[in-house]
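Here the structure comes first, spelled out in structure tokens, and everything after it is commentary.
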Ligand SMILES: *Cc1c(COP(=O)(O)O)cnc(C)c1O
């Protein structure tokens with residue numbers, strides 16, 4: 001895929017923000033738990049390899065991804081720390097897991113049996129697994145005590161598996177209402193009584209659990225959203241420490257024109273000028289991840305909010321200004337405007353189109369290049 005290096009639209013990643021968000025979490029931890037940085041989906045759109053390098057400098061001792069391909073990408077880029085694939089790896093690929101020393105989720109008895117068969121066909125290697133308990137997410141893992149006992153008995157016989165972890169995932173740790181977390185805790189407590197007590201990693205904490213539940217029972221935290229400066233609760237709960245949004249999406253004005261009153265703009269001619277209006281064209285559209293539903297959303301130009309007018313096209317959109325600006329004037333779509341320090345959070349964008357803040361950085365297309373700011377001497381920065 002062609003990346004738009006020769007076009008002024010880009011994702012700017014503030015490396016110190018990621019570094020400080022992780023440092024802040026370390027300061028928040030009281031019992032020496034480890035942090036594994038979650039860099040699935042290309043690091044939530046921030047670039048998996050770069051984020052992993054920054055996270056490592058901030059003290060992360062391992063990484064989590066969703067796909068086996070993502071794990072292999074990290075290994076090929078020189079990451080040597082533990083990597084866990086949280087999604088289901090097709091058991092026919094146990095050879096790749098072993099070859100690259102990648103750990104993966106073991107989600108069911110069926111998966112273990114298939115993986116055992118696949119390992120048997122190999123050369124007596126051992127596979128590192130993290131057994132997943134479905135305590136109420138309903139997505140992956142073992143649900144009943146009987147299933148868990150069956151797995152424990154199976155793993156006692158099958159020494160080709162090394163149980164490196166036992167884990168679960170909370171569905172509602174980002175809410176004021178803790179009753180569902182409490183139910184899941186109760187179920188995971190039961191799982192803990194069934195499995196051996198010498199398992200290296202017990203992990204239950206995503207960002208929300210780390211922020212608002214003291215990473216309950218975890219000696220490893222799977223830190224995703226908050227590392228990128230995204231509040232997992234949206235606006236429901238305040239973070240105990242400042243989360244700094246690491247990504248900005250910026251572009252530049254490529255054409256400036258005065259459109260007379262009564263003219264229409266963009267596809268469908270849905271917007272009519274009511275007076276002579278200064279209209280600027282921006283080289284970003286829905287193929288870049290600026291969804292059509294952002295029509296009307298206000299962007300930042302010279303510290304002021306300016307609305308997107310007319311439909312958003314595949315590659316371009318238009319904004320209305322009070323006065324003309326030079327070609328090349330910077331426009332911030334998300335993130336901080338460097339001059340004025342005004343800020344558009346992903347949360348604000350998410351509320352505008354009726355989604356969650358996680359989704360917006362993830363849907364930016366590969367076409368929008370990633371640029372990293374201040375990646376050198378990160379150790380001079382402190383926690384927020
Ligand atoms: C994505 C994911 C995480 C990270 O969640 P955040 O809310 O981004 O911190 C942790 N655990 C699992 C199983 C995940 O899929």
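The values are calculated or read from the model by the stated rules, or taken from the named source; none is laboratory data. Since we're looking at a predicted model, the values are computed, not measured. Every residue, glycine among them, receives a Cβ derived from its backbone with ideal geometry; neighbour counts consider all protein chains shown.
Some points to look at:
- Scanning region 141-166 for residues that are out of contact with any helix residue (DSSP H, G or I) (no Cβ under 8 Å at 6 or more places or on another chain), without any contact (Cβ under 8 Å) to a residue 40 or more places away in the chain and outside any loop (DSSP other than H, G, I, E, B) yields 146, 153, 156, 157, 162.
- Test: residue 173 is closer than 24 Å to residue 44 by Cα and out of contact with any helix residue (DSSP H, G or I) (no Cβ under 8 Å at 6 or more places or on another chain): no
- Residue in region 68-85 that is nearest to residue 48 (Cα to Cα), counting only those that are within 14 Å of the ligand (Cβ to nearest atom) and in contact with a helix residue (DSSP H, G or I) (Cβ under 7 Å, 6 or more places away or on another chain): 70
- Restricting the first member to region 63-84 and to residues that are closer than 15 Å to residue 223 by Cα, and the second to residues that are modelled with pLDDT under 95, no beta-carbon pair is closer than 6 Å while six or more apart or on different chains.
- Among the criteria (1) closer than 24 Å to residue 298 by Cβ; (2) buried (at least 21 other Cβ atoms within 10 Å of the Cβ), the one residue 232 does not fulfil is (1).
- Among the numbered conditions (1) more than 22 Å from residue 29 (Cα to Cα); (2) part of a strand (DSSP E or B); (3) within 15 Å of the ligand (Cβ to nearest atom), the only one that residue 138 does not meet is (2).
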